[in-house]
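Peer 1: Please find one structure pasted underneath; my questions will follow.
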Amino acid sequence: MEHPGEGIIKPLKTISLFWYRRICEMTLFISLIIVSVFFAGLFMEDRTATLLLVPLPAALIAGVCGIIGLISYLWAPAKYLYQIAFGNYLLLTATVGMLITLTGYLDSPYLVLWMLLTIFAGLFGKLGLSIVFSAVNGLLLYLVLFDNRSLSREFLIVYLLALEMPLVISYLIWNDRDTQEKHKTQAFDALAKQLSQVADKSEIVINAIDEGVMAIDAKGVIQLINPAAQRLIGWTREDALGLDYHSVLKLSDNSGHDLSDGQSPVQQVLISNRSLVNNDLTLTTNSGKHMLVSLVISPVDSGNGTSNGAIVVFRDITAEKQEERQRAEFISTASHEMRTPVAAIEGYLGLALNPNTAVIDEKARAYLMKAHEATQHLGRLFQDLLSVSRAEDGRLIPKPTTVDMTAFMRNVIEGVVLKAQQKGLTIYFKPGSDQQGSRTISPMYYAFVDNGHLREIANNLLDNAIKYTLKGSITVDLKGDEEHVTLSIADTGIGIPPEDVVHLFQKFYRIDNSDTREIGGTGLGLFICRRLAEANNGKVWVESSYGKGSTFFVQLPRVDHDETAEPGAVTSAPS
Ligand code: ADP
């Protein structure tokens, strides 16, 4: 079988498998003719009378050529194609030449075989052509000088047609091919050089990257590891290459448990063919040292939706996390410490504003009202900062209990209803009610959640709904399926532009437009809601229509009332 691309890219002094096979066939064919004629001659009565006389040595050599042709046709030795084909070709050419000299030179019927052979001479390049050319012209000289042949017209025609023309044809055919081959070979060399330069450059880049880089194939075997990765995990390239990644990239979770195969982010990328980022895992080095790592794992797409492997880029973030923790601690302590004097100021301002405890004129009242509002805002800001730092430094550990959501939300709403009324807003709460005849049945919704966290989420969302609604109403509802309870808080407020929705739950994100500019806030409330919901195995999201209103959803794990261990364990009021 011919290899794809065979004969397109190959160095000189070689021969493609295709042409090698054709040479073998031609050799076999000519050898068979010679050997057959030899055997036919054995049965003739007057053997000397025939023009086709084949002597035994010629038949033997032709036989050998035929056998070599057959064997090498069947088992082509990749390394020596050119040498074998050329050797066999020369041997057979010499045999046919010998037959021609024995059977009347230019009158010999073997000239036909000679012509056939000569056409292939160019396949062996200049060497092949010049050998045959020397033989042909040597014969001409011999015939003219020693055999006293006259250069008659017939002689010259036969000579030119049978001996010179095939050589010219051969030259034309193969020289053209040879030039093409040379061009292709040059193109091949240039391409190979370019590829190797690109490979060198990639290697330089990968080696220079200060982050650990590992390439893992679809079977999980490490195929590449850069110096930074070797330094970080303490494995040498020689030791790590070819090993299963589990033994080199030892990952464990926050609580120090080794990750199972299903939890391994590399395995997840190999299966899902999707990139993954993880900043919460610990890596154990070869010497047993633990470090917190940031991992970015990208699949090597095979093109048909499956993964051919994965590229793991990782770095040590132990120091970063440490700094983050210190920063969060500082913010937390500062907020905590400042909350007390702010609360005191707020209290005294309240006393000053109370006509039962202080007498002030109207001007002073107006100033103190403003100061009171600003202090309240400051108090909320400190509270938010405290919650953010708790969420960020891992101190946000929920203590979930079974919460009767209907009673709980009724309680939370009672706390904000005054504020809503002051703005002329109505709050509706008819959780998932189901009208059956004259009776309204409200299903029971129990969520498994930390009630302090739930209070903060619900208060934040209700505060926002009131804050960002100028007129209309707020509707609180509860829905549920087998596994979840979903709280929704819908308002008829200013709504959220679609381009802001994706960023809404990020830290310090505030929508800055003419609708919100006058409304104060920190941009932390929704971020806190998201972190609290996630910590309780839930999630928050929003659906909004700009200018018409927004609905915020909070989904939490649902439990059956029966699942509550102790009858008194259900929480119905915010703590
Ligand atoms: P803030 O303290 O600014 O209210 P949040 O994180 O609670 O911070 O909200 C982030 C931004 O989302 C707000 O600045 C506001 O623009 C927008 N937003 C939040 N809730 C609503 C809502 N119910 N209606 C319209 N916009 C809202």
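Peer 1: Which shape class applies to region 487-553: rounded if a/c is under 1.5, otherwise prolate when a/b exceeds b/c and oblate if not, where a ≥ b ≥ c are the square roots of the Cα gyration tensor eigenvalues?
Peer 2: Taking the square roots of the gyration eigenvalues as a ≥ b ≥ c, region 487-553 is oblate.
Peer 1: Quick check: net charge around ILE157, other residues with Cβ under 15 Å of its Cβ, Lys/Arg +1 and Asp/Glu -1?
Peer 2: Charge balance in the 15 Å sphere: -1.
Peer 1: If every alpha-carbon in the chain counts as one equal scatterer, what log10 I(q)/I(0) does Debye give at q = 0.05, 0.09, 0.11 1/Å?
Peer 2: Log-scaled intensity ratios, in q order: -0.52, -0.89, -1.12.
Peer 1: Going by Cα centres, region 169-246 and region 53-130 are how many Å apart?
Peer 2: 44 Å
Peer 1: Okay, next question. Taking amide H positions as placed 1.01 Å from N in the peptide plane, with prolines and chain starts having none, which residues 5 or more places from LEU243, or on another chain, fall under 5 Å of its amide H?
Peer 2: ILE222
Peer 1: Can you tally the net charge around ILE206? Count Lys and Arg as +1, Asp and Glu as -1, for every other residue whose Cβ sits under 15 Å from the Cβ of ILE206.
Peer 2: Around ILE206, the surrounding residues sum to 0.
Peer 1: OK, next. As a test of the formula, what do you get for the chain when each DSSP H run with n ≥ 4 contributes -39,500 (n - 2.57) and the sum is divided by the residue count, at 222 nm and rounded to the nearest 500 deg cm²/dmol?
Peer 2: Mean residue ellipticity, 222 nm, calculated: -16500 deg cm²/dmol.
Peer 1: A further question follows. If you bin every alpha carbon distance in region 125-185 into 10 Å steps from zero, what whole percent lands in each bin?
Peer 2: The percentages, shortest bin first, are 20, 41, 23, 11, 4.
Peer 1: Nearest 20 debye, what's the magnitude of the dipole of the chain about its Cα centre given +1 on Lys and Arg Cβ and -1 on Asp and Glu Cβ?
Peer 2: For the chain, the charge dipole is close to 860 debye.
Peer 1: Let me ask something else. Convert each backbone phi in region 209-222 into a coupling constant with the Karplus relation 6.51 cos²θ - 1.76 cosθ + 1.60 (shift: θ = phi - 60°), then list the ³J(HN,Hα) values in order as whole Hz, x for Gly and Pro.
Peer 2: Result, rounded to whole Hz: 5, 7, 9, x, 10, 10, 10, 10, 7, 4, 8, x, 8, 6.
Peer 1: Another question, then. Which of LYS471/LYS507; LYS430/LYS539; LYS363/LYS419; LYS370/LYS399 have a Cα-Cα distance over 32 Å?
Peer 2: Checking Cα-Cα distances, LYS370/LYS399 exceed 32 Å.
Peer 1: Treating the angle as unsigned and between 0 and 90°, give the value, to the nearest 10°, between the Cα long axis of helix 451-467 and the longest Cα principal axis of the chain.
Peer 2: Tilt of helix 451-467: around 80 degrees.
Peer 1: If I model a spin label as a point 7 Å beyond the Cα along the Cα-Cβ vector, how far apart are those points for ASN411 and ALA374 in nm?
Peer 2: 3.6 nm
Peer 1: How charged is the neighbourhood of LEU524? Take every other residue with its Cβ under 14 Å from the Cβ of LEU524, and add Lys/Arg as +1 and Asp/Glu as -1.
Peer 2: With Lys, Arg at +1 and Asp, Glu at -1, the neighbours total +3.
Peer 1: Something else: Across region 248-263, in residue order, what do the Karplus-derived ³J(HN,Hα) couplings come to in whole Hz, using 6.51 cos²θ - 1.76 cosθ + 1.60 with θ = phi - 60° and x for Gly and Pro?
Peer 2: Rounded to whole hertz, the list is 9, 9, 8, 10, 9, 7, 4, 8, x, 7, 4, 6, 6, 4, x, 7.
Peer 1: How far is the Cα center of region 257-275 from the Cα center of region 472-534, in Å?
Peer 2: 33 Å
Peer 1: Report, to the nearest whole %, how much of the accessible area of the chain belongs to carbon and sulfur atoms, 1.4 Å probe, protein only.
Peer 2: Summing carbon and sulfur atoms, their accessible area is 59 percent of the total for the chain.
Peer 1: Express the relative contact order of the chain as a whole percentage, based on alpha carbon pairs under 8 Å and six or more residues apart in sequence.
Peer 2: 8 percent
Peer 1: When the Karplus curve 6.51 cos²θ - 1.76 cosθ + 1.60 is applied with θ = phi - 60°, which whole-Hz ³J(HN,Hα) does each residue of region 524-530 get, with x for Gly and Pro?
Peer 2: Taking θ as phi minus 60°, the curve returns 9, x, 5, 4, 4, 4, 4 Hz for region 524-530.
Peer 1: Here is a further query. Using a 1.4 angstrom probe, figure out how much accessible area region 285-407 has per residue, in square angstrom, rounded to the nearest whole.
Peer 2: For region 285-407, the solvent-accessible area averages 59 Å² per residue.
Peer 1: Report the gain in length on full extension from ARG231 to ASN137: 0.36 nm times residue separation, minus Cα-Cα distance, nm rounded to one decimal.
Peer 2: Contour length minus the Cα-Cα distance gives 26.6 nm.
Peer 1: OK, next. Report, to the nearest 10°, how far helix 17-42 tilts away from the longest principal axis of the Cα atoms in the chain, using its own Cα long axis and a range of 0 to 90°.
Peer 2: Here the helix axis deviates by roughly 30 degrees.
Peer 1: Dipole of the chain (Lys/Arg Cβ +1, Asp/Glu Cβ -1, origin at the Cα centre): which of ILE271, TYR110, PHE552 lies farthest to the positive side?
Peer 2: The residue sitting most towards the positive pole is TYR110.
Peer 1: If you don't mind, there's one more thing I want to ask. Suppose R0 equals 56 Å; then what is the FRET efficiency for LEU418 and GLN263 from their Cβ-Cβ distance, rounded to the nearest 0.05?
Peer 2: 0.70
Peer 1: Let me ask something else. Among PHE120, PHE39, PHE188, what's the order by accessible area (1.4 angstrom probe), most exposed first?
Peer 2: The most accessible residue leads, giving PHE39, PHE188, PHE120.
Peer 1: If you don't mind, there's one more thing I want to ask. Scan around ILE317 for amide H atoms under 5 Å from its own, H built in the peptide plane at 1.01 Å from N, and keep only partners 5 or more places away or cross-chain.
Peer 2: Long-range HN contacts for ILE317: LEU292, VAL293, SER294.
Peer 1: Further question on the same structure: In nm, give the distance between the simple-model label positions of ASP189 and ALA352, each being 7 Å from the Cα along the Cα-to-Cβ direction.
Peer 2: Between ASP189 and ALA352, the simple spin-label model gives 9.2 nm.
Peer 1: Same structure, new question: Once you compute Rg and the Kirkwood Rh from C-alpha atoms, what is the Rg to Rh ratio for region 150-294?
Peer 2: Taking Rg over the Kirkwood Rh, I get 1.51.
Peer 1: Explain nothing, just the number: relative contact order of region 445-523, from Cα pairs under 8 Å at least 6 residues apart, as a whole percent.
Peer 2: For region 445-523, the relative contact order is 25 percent.
Peer 1: If I model a spin label as a point 7 Å beyond the Cα along the Cα-Cβ vector, how far apart are those points for TYR80 and GLU329 in nm?
Peer 2: Output for this residue pair reads 7.8 nm.
Peer 1: On a 0 to 90° scale, report how tilted helix 81-102 is relative to the longest principal axis of the chain, with both axes built from alpha carbons and the result rounded to the nearest 10.
Peer 2: It works out to around 20 degrees.
Peer 1: Can you find, among THR406, GLN506, LEU17, the residue sitting farthest towards the positive end of the charge dipole of the chain, where Lys and Arg contribute +1 and Asp and Glu -1 at Cβ?
Peer 2: LEU17
Peer 1: If packing is taken as the mean number of other Cβ atoms within 10 Å per residue, what is the order of 352-358, 421-427, highest first?
Peer 2: 421-427, 352-358
Peer 1: Between VAL198 and LYS126, what FRET efficiency comes out of the Förster formula 1/(1 + (r/R0)^6) with R0 = 25 Å and r the beta carbon distance, rounded to 0.05?
Peer 2: 0.10
Peer 1: Place a point 7 Å from the Cα of PHE18 along the Cα-to-Cβ direction; which residues of region 175-206 have their backbone N under 20 Å from it?
Peer 2: Residues 175-189 fall inside that zone.
The values are calculated or read from the model by the stated rules, or taken from the named source; none is laboratory data. Treat the numbers as computed from the prediction; the structure is a model and nothing was measured. Heads up, the Cβs are rebuilt from the backbone with ideal geometry, glycines too, and the neighbour counts pull from every protein chain shown. Heavy atoms of the whole protein, side chains included, go into the accessibility calculation; ligands, DNA and RNA do not. Shrake-Rupley method; radii C 1.70, N 1.55, O 1.52, S 1.80 Å.
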